[in-house]
Amino acid sequence: MTTIDSARLTYSALGQVNEQSKLQFTSAPFVAETEITGHIIAHLNVSISAVAPTQSTPWDMDLFVTLRHLDAQGNEILYTGTVGDPVLVVKGWLRCSLRKTNPEHARHGHYLPYREYFSTDEEPMTVDEIYEVDIEVWPTSVVISPGHRLLFEVSSEDTDGSGLFLHQDPVDRDQKRFSGLNHIHFGNGRHNFIQLPIIPT
């Protein structure tokens, strides 16, 4: 399920690969050949809510982000994965209760949020409260031809082209913890973006 209102986009949490809950954003066509090489970061304003008052209240959110390469006809261009499987450009993940970063650490940068993932760093989410989060995306290298586009996908679970290792453990992905609705918020000075490391020509 995906819904739209003037200030936010909404999709369901805890979908399945064959019944995905996701949002997709497509760039304008590139006007020149462009190389993207390095670390990518996604910045989103997110919140969670219960589907109904009688449902258990969620307190966490898993973000699965994906960058896909589309040709001039809108067909996805796939690459070769580590075991020979067809894969997309790159993926990133964030469990929002572990969103805390350490900006004082030497490895923390505007292009790569540094997290220590201590058990004491866990910060449960509160329903209907908006959180700004930075999502680390794996480093990549891709060349986009003129007329091609990038598609940025935000989901609550693994999407097509995720590879062999999926996030399906019922203990790790507990219904009471995650079940509900996920939202991305816009307006009122909020900025959602992906930062791409573009190599000058």
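A short reminder: the numbers here are calculations on the coordinates, not readings from a lab. Everything quoted here is computed from the prediction, not taken from an experiment. Note that we place each Cβ from the backbone using ideal geometry, even for glycine, and neighbour counts take in every protein chain shown.
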Quick one: if you stick a label point 7 Å off each Cα along the C-beta vector at residue 72 and residue 120, how many nm between them? 5.8 nm
Could you state the orientation-averaged shadow area of the convex hull built on the Cα atoms of the chain, in nm² to one decimal? 13.1 nm²
Give me the distance in nm between label points sitting 7 Å out from Cα along the Cα-to-Cβ direction at residue 83 and residue 145, one decimal. 3.1 nm
Value at 222 nm in deg cm²/dmol, rounded to 500, when DSSP H runs of n ≥ 4 in the chain each add -39,500 (n - 2.57): -500 deg cm²/dmol
Considering only 87, 125, 97, whose Cα is most displaced toward the positive end of the charge dipole of region 85-133, charges sitting on Cβ of Lys, Arg (+1) and Asp, Glu (-1)? 87
Could you point to the residue in 143, 186, 55 farthest towards the positive end of the chain's charge dipole, with +1 and -1 charges on the Cβ of Lys/Arg and Asp/Glu respectively? 186
Using the Cα atoms as the points, what is the convex hull volume per residue of region 52-142 in Å³? 195 Å³
Along Cα→Cβ, 7 Å out, is where each label goes; now give me the distance between the ones at residue 188 and residue 51 in nm to one decimal. 2.6 nm
With a cut-off of 8 Å between alpha carbons and a minimum separation of six or more residues, what is the relative contact order of the chain in percent? 42 percent
